[in-house]
Each structure stands twice: as C-alpha cells, then as structure tokens.
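Chemist: Quick one: the structure is below, and I'll ask about it shortly.
The values are calculated or read from the model by the stated rules, or taken from the named source; none is laboratory data. On a predicted model such as this, the values are computed, not experimentally measured, just so you know. Note: ideal-geometry Cβ built from the backbone for every residue, glycine included; neighbour counts use all protein chains shown. Heads up: the accessible areas ignore ligands, DNA and RNA and are worked out on the full protein's heavy atoms, side chains in. Shrake-Rupley method; radii C 1.70, N 1.55, O 1.52, S 1.80 Å.
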Amino acid sequence: MKKDLNGYIGVFDSGLGGISVLKEMVKLLPHEKFYFYGDSARAPYGERSLKEVQDYTMETMNNMVNHGVKAIVVACNTATSAAIEMVRDVFTDIIVIGVEPALKPAAEANDGEILVMATENTLRLDKYHELAKTYGNHVNVKEVACNGLAQAIETGDVDGEEVRVVLHKLLAPYKGEVKSVVLGCTHYPFVKNAIREVLGDDIKFYDGAAGTARQLASKLAEAGKINNEGEGEVIFESSKNDPEEIALYETFLNKSTD
Ligand code: DGL
C-alpha cells in the first residue's frame, strides 16, 4: 500500500468478490476515489478460523487507516460477521460500513421459499443467527454453506467448469424447492447465470450491494464528506502481488452481475 490514500474510500474483501459491491458504489458515487484491496493470496476467508479472519481484517483496516482513507467498506460478509464489532470499537474516527446477507428484503418480498447461500463461517457465526431470528421467522428459509465456491470464482472463470461443478453439487438438492436466493457472499453475484442453470431462470436474487452503496452515501453525506464534483477514481491492489491479478480485478469491475 504505497499511495497516499487521503480522501479515498477503502474497500476490501478476501478477494475479488467485493468488486460486486464496489461496482454499485462507483455507480452511485461517481465523484469518489476508491481504493480496493483484495486479499486473494489468503482467500477464502469462509473456511478459515475466526481468529485468522479477525486478524486479516484488522491488518487490512489498520493499513488503510494509516494511509489516510476517510471511510472503509468491509465488502465481505465473512469478515463482517467475524470482526465488525471489533473493528468498530477500534476505528472510531472513520466511517465503517459492513455487509450482511440480504435476508431482510427477501423475507419482506415473501415470494416463497428462500435459500441463503453464504460461506461456512458466515452461516456459523452469531450475526447470521440474529439476522435469521429477526427476519426469517415468518418465512421458509434454508441455508447452504458454499464451500469451494468463492475459490472457484477466484479463478476468474465465472462460467467455467469448476464453478459449474461446485454449484451443481451444492444446489441440485434445492432444484424446485426454492423461489428466491440470497447471495450472502460478495463473490456470488458474479455467478448468477451458473446458479440459474441449476435452479432455473425464474429464481429471484437478493444481494446487499446496492443497499451498501446507499448506506455509504448517506453516512458520507451525514459526515459532510461526500464528493459531489471532481473526477472519481478506482485503484486496485491485491495481496497476490501479480499484475495479472490486478488486470483480473479490473475486468470484474466491468463484469455483469445481472
Ligand atoms: N466474499 C466473501 C464473503 O462475502 C467471502 C469469500 C471467501 O470465503 O473468502 O463472505
């Protein structure tokens, strides 16, 4: 992290998944400067110990704060579940936004059985259980821990054999059983097409990316830190320290999540 990040918004994830959230933020806040950090060398976080995820989250956020960011978006459901309270206690002077599986809008829409796809860690930790208790009571919710999926998406080949094999194995039991899917990991919006291939074209998707962008905009406005003019910018960095990885991140910023 070499650059002076004064005035930037730091966004990070275990890897390239957080770019699904970054896309929405860039769309809504075109005059802001974003610094995206993907910890692809240590992904997936979803299958690491709680302590590891907390340590990596703290390390990344410390780096960003030391370089002057004005806000940080934890664009990772797993890191949010593992560490958001902890980091909010430590970083009290900057805006910190986390993400969570979009169960609330899915439950409110109430279009039928809901399948929450997320990492093993996200589904195991208390934060999700509280969310499910609050919003999942009056609806039929099933959960599937998607081991191996984030890693397959990290290859960059979102319609490739590896992604399709993993998804088939994970989702085939739910075919015909669910009407909506909550994408509870920021990597998953990039594989909607492959999910439709298994569950059908009429599945409705819910993810938290647009809501997170709106939340960021309102917190920036509230703090008088929003940029309504000037040129925006997005810079990428990866723990994989490989120019090809940065090129991959750049293509994901333009990849469809429809
Ligand atoms: N993108 C992350 C999330 O939202 C996790 C992927 C991983 O397991 O590293 O949960």
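Chemist: What strands (runs of 3 or more DSSP E) lie completely within the range 28-142 and have 1 or more residues being over 19 Å from Asp207 (Cβ atoms) and open to solvent by 10 Å² or more (accessible area, probe 1.4 Å)?
Modeler: Filter on the range 28-142 gives 33-38, 95-97.
Chemist: When you check Gly160 against the structure, is it under 21 Å from Ser14 (Cβ atoms) and within 16 Å of the ligand (Cβ to nearest atom), yes or no?
Modeler: So Gly160 does not fit the description; no.
Chemist: When the range 1-27 is examined, which residues are found to be assigned to a loop (DSSP other than H, G, I, E, B) and within 12 Å of the ligand (Cβ to nearest atom)?
Modeler: Ser14, Gly15 - these are the residues of the range 1-27 that are assigned to a loop (DSSP other than H, G, I, E, B) and within 12 Å of the ligand (Cβ to nearest atom).
Chemist: Do you know which of the residues in the range 73-88 that are β-branched (Val, Ile, Thr) and touching a residue at least 40 places away in the same chain (Cβ under 8 Å) is nearest to the ligand (Cβ to nearest atom)?
Modeler: Filtering first and then ranking leaves Thr78.
Chemist: Here's a follow-up. Exactly one of (1) in contact with an Asp or Glu (Cβ under 8 Å, 6 or more places away or on another chain); (2) surrounded by 18 or more Cβ atoms within 10 Å (Cβ to Cβ) is unmet by Thr155. Its number?
Modeler: Of the numbered conditions (1) in contact with an Asp or Glu (Cβ under 8 Å, 6 or more places away or on another chain); (2) surrounded by 18 or more Cβ atoms within 10 Å (Cβ to Cβ), the odd one out for Thr155 is (2).
Chemist: Oh, and also: Any residue in the range 39-57 that is at pLDDT 95 or above, over 17 Å from the mean Cα position of the chain (by Cα), within 12 Å of the ligand (Cβ to nearest atom) and of a type in the set (D, E, K, R)?
Modeler: yes
Chemist: OK, next. Going through the range 216-245 one residue at a time, which ones are out of contact with any helix residue (DSSP H, G or I) (no Cβ under 7 Å at 6 or more places or on another chain) and crowded, with 17+ Cβ neighbours inside 10 Å?
Modeler: Leu220, Glu237
Chemist: For residues in the range 166-181 being in a helix (DSSP H, G or I) and within 16 Å of the ligand (Cβ to nearest atom), which is surrounded by the most Cβ atoms within 10 Å (Cβ to Cβ)?
Modeler: Leu167
Chemist: Here is a follow-up. Cβ-Cβ below 9 Å, separation at least six or inter-chain, first residue in the range 110-132 and under 19 Å from Glu47 (Cβ atoms), second at pLDDT below 95: which pairs?
Modeler: Here the result reads Val116/Gly136; Thr119/Glu47; Glu120/Glu47; Asn121/Glu47, each pair linking the range 110-132 to a residue that is at pLDDT below 95.
Chemist: For the range 182-192, state whether one or more residues are more than 16 Å from the ligand (Cβ to nearest atom) and out of contact with any Leu (no Cβ under 6 Å at 6 or more places or on another chain).
Modeler: no
Chemist: Run down Ala145, Ala150, Ala118, Ala109 and say which single residue is at negative phi, hydrophobic (A, V, I, L, M, F, W, C) and touching a His at 6+ places or on another chain (Cβ under 6 Å).
Modeler: Ala150
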